[in-house]
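Student: Let me begin by handing over the structure; questions about it come next.
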Amino acid sequence: MSTLLVKNATLIATMDAQGRELTNSALFCRDGFIEQIGPASELPNDADEVLDLRDHIVLPGLINTHHHFYQTLTRALPAAQDVNLFNWLKTLYPIWARMTPDDIFISTQTALAELALSGCTTASDHLYLFPNGSRLDDEIAAAQQIGLRLHASRGSMSLGESKGGLPPDSVVDSEEDILKDSQRLIQRYHNPKPGSMLQIVLAPCSPFSVSSQLMRSSAELAREYGVHLHTHLAETEDEEDFCLKTFGLKPVAYMKSVNWIGSDVWFAHSVHVNEEEIALYARTGCGVVHCPNSNMRLASGVAPIMSMLMHGVKVGLGVDGSASNDSSHMLAEARQAMLLSRLNSGIHGASRSAPDAPPLMTARQALSLATRGGAAVLGRQDIGSLEVGKCADFFAINLNTLEYTGALQDPLAAVIFCTPLKANWTVVGGKIIVAEGQLRTLDLPTHIEKHQAASRRIVQG
């Protein structure tokens with residue numbers, strides 16, 4: 001039995017259904033779960049480990065619901081800096097084909113280190129190509145050393161150029177092997193219990209890289225084992241054109257035709273969707289991952305997130321691949337989500353005072369997307385807020401900094417409105433992963449050398 005006490009925080013933002021923001025309060029955890037939260041005078045005053053977080057704000061751990069860890073190896077490549085999604089992919093596929101199992105391991109640790117330092121405690125990754133003997137197991141092993149919760153998506157590509165798909169044949173696999181490996185991974189690793197550190201997700205990459213039969217078979221297998229489904233959808237106009245030409249259907253209608261609609265499904269992006277499709281998401285429980293930095297980077301468009309929220313769609317945030325964002329900073333993603341949503345509000349300047357002006361996304365809504373929203377998208381009830389019985393996942397930021405000067409009238413909003421900072425503390429299941437701004441679970445200087453060497457090798461060939 002191990003206990004952890006958090007005391008003296010300036011504010012504990014629970015992000016619970018009531019939106020409680022607690023002062024003069026404390027947090028007491030036992031064996032990785034929150035046992036008590038409330039007035040400090042009513043909680044124990046000692047524990048196996050005590051964190052005195054004076055001048056800090058404490059928030060639930062952020063939840064990243066879409067990423068491609070391996071892409072940390074190919075950030076800001078000149079040939080892929082100023083192109084749209086399809087041309088970006090065509091530039092990078094041949095480079096990614098050089099990756100080895102060690103590259104998957106190293107890049108996973110890089111991405112998770114960045115995420116942990118930005119307050120993230122749970123990450124979902126989408127690994128969809130497996131060159132040179134690489135396996136999802138390589139990513140899982142790396143994540144276990146870092147200490148974040150992982151939803152590892154067994155992605156796949158089976159529709160190469162020779163069959164009318166976008167990726168070159170060198171990076172696709174047979175559908176028989178994909179399904180066999182998917183079943184193996186579920187049986188070996190998937191843990192659906194509260195407090196789970198690892199869950200498996202089935203995630204054919206996109207409508208333009210897998211067949212309709214693989215989509216159907218993956219859905220059937222996932223539902224047999226009770227695991228979730230994930231894919232990219234409606235990210236670009238090119239994708240919509242591809243779906244209309246190939247299937248005679250728009251992306252969302254195509255998903256419905258292959259049994260990919262339901263509360264066990266979440267889609268990355270959904271930039272190009274209409275009100276009817278948003279209503280379908282809400283009615284059937286489909287989740288959406290908003291990736292604002294990536295959508296801006298690739299000029300894909302602006303997802304109608306406020307419309308989704310007003311319809312009741314489950315929406316989380318994702319930093320997306322580090323080659324289409326070039327960062328893995330979850331707090332920065334939340335800030336960008338708020339700002340981009342405001343830019344897309346359709347009403348500007350003096351017109352904002354009009355009675356029918358659409359609402360602006362607030363800082364608290366942006367944080368909710370990154371916490372409660374992410375938990376809902378992943379189908380988890382044990383994370384996303386600081387409440388009794390939930391996982392002891394949280395991060396803390398020191399408010400006594402230059403960046404927050406003059407902003408302490410509302411420290412919770414300041415976390416989003418002001419410069420996104422790194423976490424001073426990140427705790428996962430009651431275990432301290434980041435302490436005083438330093439990652440405890442990885443020797444970063446040594447790791448950075450390994451990562452740079454791996455990046456040079458695969459980029460230069």
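Read the figures in this text as sums done on the coordinates, not as results from a lab. Keep in mind that what you see is a predicted model, and the values were worked out from it rather than measured. Please note: Cβ atoms are built from the backbone with ideal geometry, for glycine as well, and neighbour counts cover all protein chains shown.
Student: In terms of modelled amide H atoms, which long-range or inter-chain residues lie less than 5 Å from the amide H of residue 154?
Tutor: Amide H neighbours of residue 154: 201, 202, 203.
Student: Then there is this: What's the exposure ranking of 297, 283, 75, going from fewest to most Cβ atoms within 10 Å?
Tutor: Ranked by crowding around the Cβ, least crowded first: 283, 75, 297.
Student: Let me ask another. Restricting to bridges with both residues inside the chain, how much of the DSSP beta-bridge set is antiparallel, in percent to the nearest 5?
Tutor: 45
Student: Would you kindly derive the ³J(HN,Hα) couplings of the range 134-142 from the backbone phi angles with the Karplus curve 6.51 cos²θ - 1.76 cosθ + 1.60 (θ = phi - 60°), listing them in order in whole Hz, with x for Gly and Pro?
Tutor: 5, 9, 4, 4, 5, 5, 4, 4, 5
Student: With θ set to phi - 60°, apply the Karplus curve 6.51 cos²θ - 1.76 cosθ + 1.60 along the range 17-22 and write out the HN-Hα couplings as whole Hz, x wherever there is a Gly or Pro.
Tutor: Each residue's phi maps through the Karplus curve to give 4, 8, x, 5, 10, 9 Hz.
Student: Oh, and also: Note the full-extension length gain between residue 253 and residue 49 as 0.36 nm times their separation in residues minus their Cα-Cα distance, in nm to one decimal.
Tutor: So the extension gain works out to 68.2 nm.
Student: What nm distance separates the two modelled labels at residue 220 and residue 409, each placed 7 Å from Cα along Cα→Cβ?
Tutor: 6.1
Student: Could you give the radius of gyration (one decimal) and Dmax (whole number) of the Cα atoms in the range 187-249, in Å?
Tutor: 14.5, 44
Student: Starting from the Cα of residue 2, step 7 Å along the direction of its Cβ; do the same at residue 310; then give the gap between the two resulting points in nm.
Tutor: 4.7
Student: May I pose another question? Evaluate the distance, in nm, between pseudo-label points positioned 7 Å from the Cα of residue 299 and of residue 245 along their respective Cα→Cβ axes.
Tutor: So the two model labels end up 1.9 nm from each other.
Student: Quick check for you: which residues of the range 18-35 have the amide N under 17 Å from the point 7 Å beyond the Cα of residue 388 toward its beta carbon?
Tutor: What the label zone holds, given the 17 Å backbone N cut-off, is 18-22, 25-35.
Student: Something else about it: Please sort 64-70, 128-134 by packing, taking for each peptide the average over its residues of neighbouring beta carbons within 10 angstrom, highest first.
Tutor: 64-70, 128-134
Student: If you take every residue apart from residue 326 with its C-beta less than 9 Å away from the C-beta of residue 326, what net charge results, scoring Lys and Arg +1 and Asp and Glu -1?
Tutor: It works out to a net charge of +2.
Student: How do 220-230, 370-380 rank on mean C-beta neighbours within 10 Å, highest first?
Tutor: 370-380, 220-230
Student: Continuing with this model, one more query. Could you give the length gained by full extension between residue 42 and residue 440, i.e. 0.36 nm per residue of separation minus their alpha carbon distance, to one decimal place?
Tutor: 140.1 nm
Student: Now for a separate question. In degrees from 0 to 90, rounded to the nearest 10, what is the angle of the helix 237-247 Cα long axis to the longest principal axis of the chain?
Tutor: Computed tilt is about 50 degrees.
Student: Could I ask something else about it? With +1 assigned to the C-beta of every Lys and Arg and -1 to the C-beta of every Asp and Glu, and no other charges, what is the dipole magnitude of the chain about the Cα centre in debye, to the nearest 20?
Tutor: Approximately 140 debye in magnitude.
Student: How long are the semi-axes of the equivalent ellipsoid of the chain, taking √(5λ) for every eigenvalue λ of the Cα gyration tensor, in whole Å from largest down?
Tutor: With the √(5λ) rule applied to the chain, the semi-axes are 34, 26, 21 Å.
Student: If you don't mind, another one. Dipole of the range 88-241 (Lys/Arg Cβ +1, Asp/Glu Cβ -1, origin at the Cα centre): which of 167, 117, 213 lies farthest to the positive side?
Tutor: Checking the options against the dipole of the range 88-241, the answer is 117.
Student: Do any of 7/431; 390/431; 90/256 go past 18 Å between their Cα atoms, and which?
Tutor: 90/256
Student: Amide H neighbours of residue 50 under 5 Å, counting only residues 5+ apart in sequence or on other chains, H built in-plane at 1.01 Å?
Tutor: Under 5 Å from the amide H of residue 50: 5.
Student: For the range 17-65 and the range 116-153, what is the separation of their Cα centres, given in Å?
Tutor: If you average the Cα positions of each part, the centres end up 28 Å apart.
Student: OK, next. Determine Rg/Rh for the range 164-204; Rg is computed over alpha-carbon atoms and Rh is the Kirkwood hydrodynamic estimate from the same atoms.
Tutor: 1.13
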